[in-house]
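This report refers to the structure that appears directly beneath it.
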Amino acid sequence: MNIKDLQRENIKTLKPYSTARDEFKGQASVFLDANENSYGSPLPANYNRYPDPLQLDLKDAISKIKGVPIENTFLGNGSDEAIDLLFRAFCNPGKDNVIILPPTYGMYEVSANINDIELRKVDLLPNFQLDLEKIAEAIDANTKMIFICSPNNPTGNSINRTDIETILANFKGLVVIDEAYINFAKQKTFIQELIEYANLVILQTFSKAWGLAALRLGMAFSSVPVIDILNKVKPPYNINQATQDLALAALSNIQQVNEWIKSTVTERARLTAELEKISIVKKVYPSDANFILVAVTDALNIYNALVNEGIIVRDRSKVSLCEGCLRITIGTIDENNQLLTVLAKI
Ligand SMILES: *Cc1c(COP(=O)(O)O)cnc(C)c1O
């Protein structure tokens, strides 16, 4: 498979924007090339210089934790930016299509619609696993990407590894595995499979386990040709300097993050067990994520009763295959106790 052939026609010949920092990379002490404010910033820290377009220091620190070389790493302004760039780089509007597997994360569909790309939906099976037969039927010569969210949002389960491997081994477009919740899962990441499959793209994020949703920082890991194409299409300075500095500082505090992951997984088990004792709860789906999908007797009324007590969950009751369900993020021990107390009283 030649990844370069998968590119959208206009991207094949695109000449990317060349920044001042791209054009001069040597050592210097006087920078009069980028029309910045040479005097400084009206802040304690200096933000007057444009940031590194390729975020090499940050990628180096990420590489040490993830074991993925820098040249296989792309950073986006949230993984949502990586999703959008994949559409813009690889899909021809009015010609190509992508496959998504509902119920799943909403941004794949929104990005497809923004980019005017045909969306083919193949519902998950009732056990929230892949319908391989229907996926095979949906693929044609213009299918550029398949989005697999594992652990899946909003259902919380991991997708069977062998099913994903079947798609990887047979599909001729990009297989995008969204691992936003991988830190909470028993199943291991597909990062080890990057060497084997040039068409594999793995999305991870600093927004969930890392506790940095406000910074907007997402990762995409893939083969060098895919990463090069994403870098060619991205806005030149897509990760701001404050985010680069703060994420770098956060990466040296991985111990705290690992403690929170442990607490979240412990609370997930406790919350599941406690919810199962409550009469209005019909079913708690097993979760590999930091949320649980809960089928209740009357989703809308229970949602509103929680709102009245100042507790907000996500109403997924109108989503196909999630009928009557609420999606509940695992909170702190105290927050989970408040939730349980209110639910027990309804
Ligand atoms: C939360 C979430 C993301 C994260 O998106 P960011 O833009 O990195 O904040 C990505 N994928 C899924 C499935 C999510 O639920």
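The values are calculated or read from the model by the stated rules, or taken from the named source; none is laboratory data. All figures in this text were calculated on a predicted structure; none of them were measured in a lab. A quick note on method: Cβ atoms are made from the backbone with ideal geometry, for glycine too, and the neighbour counts reach across all protein chains shown. Each accessible area value is taken on the protein alone, full model and side chains, heavy atoms only, with ligands, DNA and RNA left out. Shrake-Rupley method; radii C 1.70, N 1.55, O 1.52, S 1.80 Å.
List of remarks:
- For region 77-94, Karplus couplings with θ = phi - 60° (6.51, -1.76, 1.60), whole Hz, Gly/Pro x: 6, x, 5, 4, 5, 5, 4, 4, 5, 4, 4, 5, 8, 10, 10, 7, x, x
- For the chain, calculated [θ]222 nm from helices alone, where every DSSP H run of n ≥ 4 adds -39500 (n - 2.57): -10500 deg cm²/dmol
- A simple spin-label model places the labels of Asn170 and Ile278 4.2 nm from each other, with each point 7 Å out along Cα-to-Cβ.
- Furthest towards positive pole of dipole, Tyr17, Pro44, Met1, structure part the chain, Cβ charges: Pro44
- 5 angstrom amide H check on Asn97, placed H, neighbours 5+ away: Thr143, Lys144
- Neighbourhood net charge (10 Å Cβ-Cβ; Lys/Arg +1, Asp/Glu -1) for Asp131: -3
- Comparing Ala112, Ala220, Ala242 in a Gaussian network model of the chain, where Cα atoms under 10 Å apart are tied by springs, the biggest mean-square fluctuation is seen for Ala242.
- For Leu32, solvent-accessible area (1.4 Å; no DNA, RNA or ligand), Å²: 140 Å²
- Here the Karplus curve 6.51 cos²θ - 1.76 cosθ + 1.60, taken at θ = phi - 60°, turns the phi angles of region 68-75 into couplings of 9, x, 4, 6, 9, 10, 10, 10 Hz, with x standing for Gly and Pro.
- Across all Cα pairs in region 130-280, the calculated P(r) in 5 Å bins from zero up to the longest distance comes to 2, 8, 14, 18, 17, 16, 12, 8, 4, 2, 0 percent per bin.
- Size descriptors for region 3-252, from the alpha-carbon set: Rg then Dmax equal 19.0, 63 Å.
- Trypsin sites (Lys or Arg not before Pro) within region 238-336, DSSP loop, no more than 15 other Cβ atoms inside 10 Å: Lys277, Lys318
- Pair Asn113, Asn253: separation of 7 Å Cα→Cβ label points (nm): 3.7 nm
- Solvent-accessible area assigned to carbon and sulfur over the chain amounts to 52 percent, based on a 1.4 Å probe.
- Taking 16 Å as the cut-off, no amide N atom of region 242-267 comes nearer than this to a point 7 Å along the Cα-to-beta-carbon line of Ser38.
- In plain terms, the chain from Lys64 to Thr13 could stretch by 15.0 nm, reckoned as 0.36 nm per residue minus the Cα-Cα distance.
- Lysines with Cα under 18 Å of Lys4, excluding same-chain neighbours fewer than 8 positions away: Lys12, Lys15, Lys95, Lys144, Lys172, Lys232, Lys234
- Given +1 at the Cβ of Lys and Arg, -1 at the Cβ of Asp and Glu and no other charges, the dipole of region 3-252 around its Cα centre is 280 debye to the nearest 20.
- Cα point-scatterer Debye curve for region 131-200, base-10 log of I(q)/I(0) at q = 0.18, 0.22, 0.23, 0.24 Å⁻¹: -0.69, -1.01, -1.10, -1.17
- Springs join every pair of Cα atoms under 10 Å in this Gaussian network model of the chain, and among Pro69, Pro151, Pro102 the largest mean-square fluctuation is at Pro69.
- The share of Cα pairs per 10 Å bin across region 1-129, counted from zero up to the longest distance, runs 10, 25, 31, 22, 10, 3, 0 percent.
- Solvent-accessible area per residue in the chain equals 48 Å², computed with a 1.4 angstrom probe and all protein chains kept.
- Region 1-73 and region 216-280 have Cα centres separated by 21 Å.
- Partners of Lys64 within straight-line reach, counting aspartates and glutamates whose Cα lies under 20 Å from its Cα and excluding those fewer than 8 residues away in the same chain: Asp52, Glu179, Glu193, Asp245, Glu259.
- Counting only DSSP beta bridges with both residues in the chain, the antiparallel share comes to about 55 percent.
- In the frame of its principal axes, region 255-345 has Cα extents of 40, 27, 21 Å, reported largest first.
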